[in-house]
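Please read the structure below before turning to the comments.
The values are calculated or read from the model by the stated rules, or taken from the named source; none is laboratory data. Remember, predicted model here, so these are calculated numbers, not experimental data. Here the Cβ positions follow ideal geometry from the backbone for every residue, glycine too, while neighbour counts run over all protein chains shown.
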C-alpha cells in the first residue's frame with residue numbers, strides 16, 4: 001500500500017470518528033422538549049378532528065372503534081418504520097459534510113417532510129390502492145377487507161424492520177407494492193373458480209417501471225451531473241471532502257441544505273401518501289358514515305356534479321350497443337374491472353350507473369346528507385364507475401372522439417373528488433409518524449449511505465449532485481402519480497457520483513443493497529399472502 005493511500009485511509013478514519021461523535025450526541029433537553037411539544041400538538045390536532053368526525057356516527061357497539069384504533073396504530077407504525085429508512089437518506093449528505101448538526105438536520109428534514117405531506121394531492125396513494133383486488137376494496141368494511149389491510153401493514157412493517165436492523169437502505173415503496181401483490185395473488189388463489197381477482201398487472205407494470213427505472217436514473221444522472229458541474233464550476237473547494245468537523249464554505253453549505261430540503265419535501269409528498277391511502281381504507285371500512293364520501297361536497301358542487309354526470313351519460317349512451325342486456329350495473333362494471341373483458345353490457349352498465357349516481361346525489365342535495373346506511377353504497381358506485389372509466393381510457397375501448405374523452409375525463413375527476421380525498425388530520429398524523437421514525441432510527445441508514453457506499457468520504461459536489469437528482473426524480477414522479485423509492489434513488493445517486501469521481505465503490509455494500517432490492521418484493525409478497533391467508537381462516 002503506497003503512502004498516499006495510507007494517508008487517505010487514515011484521514012477517512014479520523015473523519016468518520018469525528019462524525020460518529022456527533023451522531024452519538026443526544027439532542028439535548030431543549031430539542032427534546034420542542035419535539036415533544038410538536039408531537040403533542042400535532043397528535044392532539046389529529047385526535048380532536050377524528051373525535052369530531054366520529055361524533056356524527058352511531059355504532060351499535062364499541063367494537064368498530066376498537067378495531068379502528070388498532071388499525072390506525074398499525075398504519076402509523078408503518079409510517080414510523082418508513083421514517084427509519086427513507087427520511088434518513090435525506091439527511092445523510094448534510095450530516096457527512098458537516099453542513100448541519102445531526103439533530104438539527106433531522107428536525108429540519110422532518111419539518112419539510114411535514115410540508116411535503118400536507119401539500120400532497122393524494123394521487124400517489126390512490127394509484128397504489130388501485131392495484132388491490134376490486135372486490136376487497138368494495139368490501140373493505142368486512143372480514144376480507146380488514147384481513148387485506150392488516151396483512152399489508154404487518155408484512156411491510158416486518159420486512160422494513162428486518163432490513164433496518166441490518167442497516168440496509170431498503171425501499172418502503174417496494175415493500176408495500178410487494179405486499180399488495182402477495183395479497184392479490186392469495187385472494188385469487190383462495191377464490192378458486194369463484195373468479196375473485198388478483199393483481200392488476202397492467203396497472204402494476206407502470207409502478208414496476210417507476211421502481212425499476214428510478215435507481216438507474218439516480219445512478220446515471222447523478223454521475224452525469226457531477227461531471228457537468230466539474231466542467232462548468234471551477235471552484236476547487238466544491239470538490240473537497242470536509243476537513244475535520246468544520247462546516248463547508250457558506251455558499252456550499254447553503255447549497256447542500258437546499259438539496260436536503262428538496263429531498264425531504266419530495267419524500268413527504270410521495271412516500272407519505274402510501275400510509276395515507278391505507279389509513280383512508282381503514283376509515284372507510286370502520287366508519288363509512290364519516291369517511292366513505294367527501295362531506296365537503298355541498299349543494300353547489302352537487303349541482304355541478306349532476307350537470308357533468310348528464311353530459312357523461314349522453315356520451316356513454318351514444319356508444320351503447322343494441323346487443324347490450326340490462327343487468328345490475330355495479331356487478332357488470334365490477335366484472336369488467338376484474339377481468340378487463342369489455343362487452344356490450346359494459347357501456348350500458350356505465351351509462352346506467354352514471355344516471356343512478358346522479359339521481360341519488362341530487363335527491364340528497366349534498367354528500368353529507370346521504371343517509372348513514374347508504375354512504376358506503378354510494379361510494380362503491382362512484383368508485384366502480386371511476387375505475388371502469390380509467391380502464392376504458394387506457395384500453396381505448398370503445399374508441400371515443402377527443403371531445404367525448406374530455407367529457408368523461410371531467411366526469412371521472414368529479415367522481416374522484418367525491419371519494420378520493422384525504423382529511424388534513426390524516427396528513428398531520430402521517431407526517432408526525434414519519435418524523436418520529438426518523439428521530440428514533442435514522443443513524444443506521446445514515447451511516448450506510450455516508451460511509452459504506454464509496455471508499456472515500458463524500459465531497460461537497462458529490463453530496464449536492466446525488467440530492468439534486470433525487471429531489472427532481474421524486475418530485476417529478478409525484479406529478480405523474482407514480483411511487484418511487486427515496487432510498488434507492490439517493491443511494492444509487494451517491495454510488496453514481498463515487499464512480500464518476502473515481503472514488504471507488506464498496507461492492508459488498510452495493511451487493512447487499514441490490515439483494516435487498518431483489519428480495520424485497522418476493523419476501524413482502526410471501527409475508528403478506530401468508531398473513532392474509534391465515535387471517536381469512538379466522539375472519
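Kindly indicate which of 258, 225, 283 is part of a helix (DSSP H, G or I), under 21 Å from residue 109 (Cα atoms) and modelled with pLDDT of 85 or more.
Exactly one residue qualifies, and that residue is 258.
Could you please let me know if residue 181 is modelled with pLDDT of 80 or more, more than 30 Å from residue 239 (Cα to Cα) and assigned by TED's automatic domain parsing to the domain that holds residue 461?
Criteria met by residue 181.
Test residue 248 against the criterion of being outside any helix (DSSP H, G or I) and buried (at least 21 other Cβ atoms within 10 Å of the Cβ), and give yes or no.
Numbers: outside any helix (DSSP H, G or I): yes; buried (at least 21 other Cβ atoms within 10 Å of the Cβ): yes.
So residue 248 passes the test.
Could you list, in sequence order, the residues of segment 347-403 that are in a loop (DSSP other than H, G, I, E, B), farther than 26 Å from residue 281 by Cβ and free of Cβ contacts under 8 Å to residues at least 40 places away in the same chain?
Residues satisfying the conditions are 396, 399, 401.
Would you confirm whether any residue within segment 495-504 is over 24 Å from the mean Cα position of the chain (by Cα), in the same structural domain as residue 175 (by TED's automatic domain parsing) and on the phi > 0 side of the Ramachandran plot?
yes
Of the residues that sit in segment 481-512 and are without any contact (Cβ under 8 Å) to a residue 60 or more places away in the chain and part of a loop (DSSP other than H, G, I, E, B), which one is surrounded by the fewest Cβ atoms within 10 Å (Cβ to Cβ)?
Residue satisfying both the conditions and the ranking: 502.
Tally up the residues in segment 290-313 that are more than 19 Å from residue 424 (Cβ to Cβ) and in contact (Cβ under 8 Å) with a residue 60 or more places away in the chain, please.
Count: 8.
Do we have residue 106 as buried (at least 24 other Cβ atoms within 10 Å of the Cβ), touching a residue at least 12 places away in the same chain (Cβ under 8 Å) and either farther than 27 Å from residue 519 by Cα or in contact with a helix residue (DSSP H, G or I) (Cβ under 8 Å, 6 or more places away or on another chain) (or both) here?
Numbers: buried (at least 24 other Cβ atoms within 10 Å of the Cβ): yes; touching a residue at least 12 places away in the same chain (Cβ under 8 Å): yes; either farther than 27 Å from residue 519 by Cα or in contact with a helix residue (DSSP H, G or I) (Cβ under 8 Å, 6 or more places away or on another chain) (or both): yes.
It is true that residue 106 is buried (at least 24 other Cβ atoms within 10 Å of the Cβ), touching a residue at least 12 places away in the same chain (Cβ under 8 Å) and either farther than 27 Å from residue 519 by Cα or in contact with a helix residue (DSSP H, G or I) (Cβ under 8 Å, 6 or more places away or on another chain) (or both).
I'm told residue 299 meets every condition in (1) surrounded by fewer than 21 Cβ atoms within 10 Å (Cβ to Cβ); (2) in contact with a helix residue (DSSP H, G or I) (Cβ under 8 Å, 6 or more places away or on another chain) except one. Can you identify the failing condition by its number?
Unmet condition: (2).
Has segment 286-293 got at least one residue that is part of a loop (DSSP other than H, G, I, E, B) and within 22 Å of residue 413 (Cα to Cα)?
Yes, because at least one residue in segment 286-293 is part of a loop (DSSP other than H, G, I, E, B) and within 22 Å of residue 413 (Cα to Cα).
Could you say which residue among 95, 115 is surrounded by fewer than 24 Cβ atoms within 10 Å (Cβ to Cβ), in the same structural domain as residue 164 (by TED's automatic domain parsing) and farther than 27 Å from residue 191 by Cβ?
Of the residues listed, the single one that is surrounded by fewer than 24 Cβ atoms within 10 Å (Cβ to Cβ), in the same structural domain as residue 164 (by TED's automatic domain parsing) and farther than 27 Å from residue 191 by Cβ is 115.
Please enumerate the residues belonging to segment 315-339 that are touching a helix residue (DSSP H, G or I) at 6+ places or on another chain (Cβ under 7 Å) and assigned to a loop (DSSP other than H, G, I, E, B).
Within segment 315-339, 319, 320, 321, 323, 324, 325, 326, 327 qualify.
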